[in-house]
Amino acid sequence: MPAGLITGLRGVDLGVPDVAAHARFYTEVWRLSVAAERGGSVYLRGTGAYHHVLALHPRERPGLLSINLAAADRKAVDDLHRRVKAAGAPQCDAPAAVAEPGGGYGFAFTDPEGRVLRIIAGDARHADARAQPDRPLRITHLVLNTPQQEAAAGFWVKALGFEISDRSLLTFIRCNEDHHNIAFHPGESSTLHHIAFEMDGIDSVMRGAGRMRDAGHPIEWGVGRHGPGNNVFAYFVGPDDFVIEYTAEVEKVDASYRVREPKEWAYPPGHSDLWGATPPPSERMKAAQKKIGFAAGLFRP
Ligand SMILES: [Fe+2]
């Protein structure tokens, strides 16, 4: 398996009924900043180098429009295009210039469960990237619900070169040194479970949690520390019931990392994380974690 074609999870495009309200929340409370605005869409960046990590587009209903992966270069995009087609992607555009702020060269496709993905290289990067207290650096992982956990992970491994990191209730996969960039959670349909934003340490997670509480978004699960990935977490239900996470201290792994199986990650009775201090996930959050689906059709900006 040639590794290194995909270098990271660049971010997501969301469809939302009220872009202005989401943009206000994601800047003033969540603390991303505006990188660009065009045609009613707002492009938000973290403190990292990616031109934007979260794009908000006007749509009638909330939905996930695209998961965006960064490729190493144009050749990697072309190689991945061949691999995705060979793996039987139901829909697949040809690689072309990306007509959105940040630009680049890439293509859109759907995976076997209809998730819409884009692979992009050569897009603009910020020269002022640096971790800042109390601001998200970037999106570090997505968790996706699937009725076919192993098959879903299998496509990402075969077509995109991801590696399995761990199996608990979830299947964790990675494309770089972070323990996971994507995880598959058992579910009745192919929906979004949550989006995790990386913060600059535990103090920033806590400060963010306080600001979210002030803004009417109490912690729905956490603060805790996950087993797989060893990351500190706090989960919230954001606007339109998108579930969002502040996280920090994601474990860095290399090729020597040993994949562990579910029984190795079992917590003691009554615990839902390594510390055992947090109550279990709220019913409100668990309901929200089934609500956001993928918009039909390839995303073409
Ligand atoms: Fe997470």
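Condition check ((1) without any contact (Cβ under 8 Å) to a residue 60 or more places away in the chain; (2) surrounded by fewer than 21 Cβ atoms within 10 Å (Cβ to Cβ)) across all residues:
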site: 22; (1), (2): no, no
site: 29; (1), (2): no, yes
site: 32; (1), (2): no, no
site: 42; (1), (2): yes, no
site: 60; (1), (2): yes, yes
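No other residue among 224, 216 is over 25 Å from residue 116 (Cβ atoms), assigned to a loop (DSSP other than H, G, I, E, B) and not β-branched (Val, Ile, Thr) apart from 216. Quick check on segment 166-182: of everything there that is in a strand (DSSP E or B) and touching an Asp or Glu at 6+ places or on another chain (Cβ under 9 Å), which residue is nearest to residue 71 (Cα to Cα)? Only one residue fits best here, namely 174. In segment 147-165 there is at least one residue matching the filter, namely being touching a residue at least 24 places away in the same chain (Cβ under 8 Å), within 15 Å of the ligand (Cβ to nearest atom), assigned to a strand (DSSP E or B) and closer than 18 Å to residue 250 by Cβ. A single member of 184, 172, 197 is over 22 Å from residue 255 (Cβ atoms), at pLDDT 95 or above, of a type in the set (Phe, Trp, Tyr) and within 13 Å of the ligand (Cβ to nearest atom), and it is 197. Condition check: open to solvent by less than 60 Å² (accessible area, probe 1.4 Å), in a loop (DSSP other than H, G, I, E, B), free of Cβ contacts under 8 Å to residues at least 60 places away in the same chain and of a type in the set (Gly, Ala, Ser). Does residue 276 satisfy that? So residue 276 fits the description; yes.
Okay, residues lined up against (1) modelled with pLDDT of 95 or more; (2) over 20 Å from the mean Cα position of the chain (by Cα); (3) charged (D, E, K, R):
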residue: 62; (1), (2), (3): yes, no, no
residue: 73; (1), (2), (3): yes, yes, yes
residue: 79; (1), (2), (3): yes, yes, yes
residue: 82; (1), (2), (3): yes, yes, yes
residue: 91; (1), (2), (3): yes, yes, no
residue: 95; (1), (2), (3): yes, yes, no
residue: 101; (1), (2), (3): yes, no, no
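If you go through segment 118-141 and keep only what is crowded, with 21+ Cβ neighbours inside 10 Å and hydrophobic (A, V, I, L, M, F, W, C), you end up with 119, 120, 121, 137, 139. Remark: pairs (first residue in segment 115-141, charged (D, E, K, R); second residue open to solvent by 50 Å² or more (accessible area, probe 1.4 Å); Cβ separation under 7 Å; 6+ apart in sequence or on different chains) = 134/31; 134/207; 135/31. When restricted to residues that are open to solvent by 40 Å² or more (accessible area, probe 1.4 Å) and either touching a residue at least 60 places away in the same chain (Cβ under 8 Å) or assigned to a loop (DSSP other than H, G, I, E, B) (or both), segment 188-213 contains 6. Apart from one condition, residue 94 fits all of (1) within 16 Å of residue 121 (Cβ to Cβ); (2) open to solvent by less than 20 Å² (accessible area, probe 1.4 Å); the exception is (2). Determine if segment 5-27 includes at least one residue that is under 20 Å from residue 240 (Cα atoms), in a helix (DSSP H, G or I) and of a type in the set (Asp, Glu). No, there is no match, as no residue in segment 5-27 is under 20 Å from residue 240 (Cα atoms), in a helix (DSSP H, G or I) and of a type in the set (Asp, Glu).
A Cβ distance below 8 Å, combined with a sequence gap of six or more or placement on separate chains, defines the contacts here; from segment 216-234, residues that are polar (S, T, N, Q) reach residues that are open to solvent by 30 Å² or more (accessible area, probe 1.4 Å) and in a loop (DSSP other than H, G, I, E, B) in the pairs 230/249; 230/251; 230/274; 231/249; 231/251. Return the residue satisfying two criteria in turn: it lies in segment 231-273 and is surrounded by 15 or more Cβ atoms within 10 Å (Cβ to Cβ), aliphatic (A, V, I, L, M) and assigned to a loop (DSSP other than H, G, I, E, B), and of such residues it is nearest to the ligand (Cβ to nearest atom). Filtering segment 231-273 for residues that are surrounded by 15 or more Cβ atoms within 10 Å (Cβ to Cβ), aliphatic (A, V, I, L, M) and assigned to a loop (DSSP other than H, G, I, E, B), the one nearest to the ligand (Cβ to nearest atom) comes out as 250. When you check residue 215 against the structure, is it more than 16 Å from the ligand (Cβ to nearest atom), more than 23 Å from residue 147 (Cβ to Cβ) and modelled with pLDDT under 95, yes or no? Answer is no for this residue.
The values are calculated or read from the model by the stated rules, or taken from the named source; none is laboratory data. Every value quoted in this text rests on a predicted model; they were computed, and no experiment measured them. Backbone-built Cβ (ideal geometry, glycine too); neighbour counts: all protein chains shown. Accessible surface areas use protein heavy atoms only, side chains included; no ligands, DNA or RNA. Shrake-Rupley method; radii C 1.70, N 1.55, O 1.52, S 1.80 Å.
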